[in-house]
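S.K.: Mind having a look at this structure? Questions to follow.
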Amino acid sequence: ELRMYLNLRHGNALQRWQRVADVLTEFSDDSIAPVLEKLIVQTSPHAIPVGLGIVISGSVRGIRLYAGMQEPSESSIMDCISGNASMVKDDVHWFCNAIIEQFGPFARQSITLGYDFHLDKTGILQPLISRTKIDVACQRFAKAEGFIPFLHQLVQAFQFDNSQLPSFLSDLRHCFNGCDVEYISLGVDSGIDHLTVYAKPHSLQPAGSN
């Protein structure tokens, strides 16, 4: 499986949305138009397209639109969640408050939203957004003393299995001589369906090697 990223950080908002529409309509019929129009109305007050992710496995299987939030807040995040946002209102409230209480207010453009589109077996883009991702940039606070306990707190709060997290973090330290967590990401569907941690290795040499 190949995952390709296309940078959309050039041009004004209208030009960026037009490029998004050009890509999506290549894989769809007219049914995608109202979905995209609704997304533009919903997100434009708060976010602007910054990239497209393409999943290729023999053929294009999925497309993710990334939109960067200008001034992220709990209310603006809720405004931008596709589907029935009320189903995750309490979870998003807890998540935002937990970050703010632990590390301070969200920085400008510190949150990127991802919108997932899937293609069926015939290669046609489905006229719906299957999931929203909330990616939080952690570079500002990932080295804070309370960050690793905060990760454990997130896993427990959303009732994910955290039995492998300590060994996973230990393996990262050993295999890459440490790492920096760059993003934490919540997947939102009818609820919070996953938590992803993006880490940047310190080195390709394991700890203790010459």
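S.K.: Name the single residue, out of those in segment 157-206 being in contact (Cβ under 8 Å) with a residue 60 or more places away in the chain and part of a loop (DSSP other than H, G, I, E, B), that is nearest to Cys96 (Cα to Cα).
M.R.: Checked segment 157-206; the qualifying residue nearest to Cys96 (Cα to Cα) is Phe158.
S.K.: Give the residue that is most open to solvent (accessible area, probe 1.4 Å), with candidates limited to residues of segment 44-57 that are of a type in the set (Gly, Ala, Ser), closer than 24 Å to Ala85 by Cα and out of contact with any Lys or Arg (no Cβ under 7 Å at 6 or more places or on another chain).
M.R.: Ser44
S.K.: Looking for whichever is open to solvent by less than 80 Å² (accessible area, probe 1.4 Å), small (Gly, Ala, Ser) and farther than 27 Å from Gly11 by Cα here; the options are Gly68, Gly83. Which one fits?
M.R.: None of the others qualify; the one that does is Gly83.
S.K.: Name the pairs: first residue in segment 128-140 and surrounded by fewer than 18 Cβ atoms within 10 Å (Cβ to Cβ), second residue of a type in the set (Asp, Glu) and at pLDDT below 95, Cβ to Cβ under 7 Å, at least 6 apart or on different chains?
M.R.: Gln139/Glu182
S.K.: Suppose we filter segment 3-43 for residues that are open to solvent by less than 80 Å² (accessible area, probe 1.4 Å), within 17 Å of Tyr66 (Cβ to Cβ) and part of a loop (DSSP other than H, G, I, E, B); how many remain?
M.R.: Of the residues in that region, 2 qualify.
S.K.: Counting just the residues of segment 162-192 that are open to solvent by 70 Å² or more (accessible area, probe 1.4 Å) and within 20 Å of Arg131 (Cβ to Cβ), which one comes out farthest from the chain's Cα centre (by Cα)?
M.R.: My answer is Ser190.
S.K.: Mind listing whichever residues of segment 164-210 are in contact with a Lys or Arg (Cβ under 9 Å, 6 or more places away or on another chain) and of a type in the set (Asp, Glu)?
M.R.: Asp180, Glu182, Asp189, Asp193
S.K.: Here is a further query. Looking at Arg108, Arg140, Arg131, which one is modelled with pLDDT under 95, under 22 Å from Gly62 (Cβ atoms) and either charged (D, E, K, R) or under 14 Å from the mean Cα position of the chain (by Cα) (or both)?
M.R.: The unique qualifying residue is Arg131.
S.K.: What pairs come out if I take residues in segment 99-117 that are on the phi < 0 side of the Ramachandran plot and pair them with residues that are part of a helix (DSSP H, G or I) and polar (S, T, N, Q) whose C-beta lies under 8 Å away, six or more apart or interchain?
M.R.: Short answer, once both residue conditions are applied: Leu113/Thr43.
S.K.: Please determine whether any residue of segment 146-156 is under 22 Å from His202 (Cβ atoms) and part of a strand (DSSP E or B).
M.R.: no
The values are calculated or read from the model by the stated rules, or taken from the named source; none is laboratory data. Remember, predicted model here, so these are calculated numbers, not experimental data. Cβ coordinates were reconstructed from backbone atoms using ideal geometry, including for glycine residues, and neighbour counts include every protein chain displayed. Areas reflect the complete protein model, heavy atoms only, side chains present, ligands, DNA and RNA absent. Shrake-Rupley method; radii C 1.70, N 1.55, O 1.52, S 1.80 Å.
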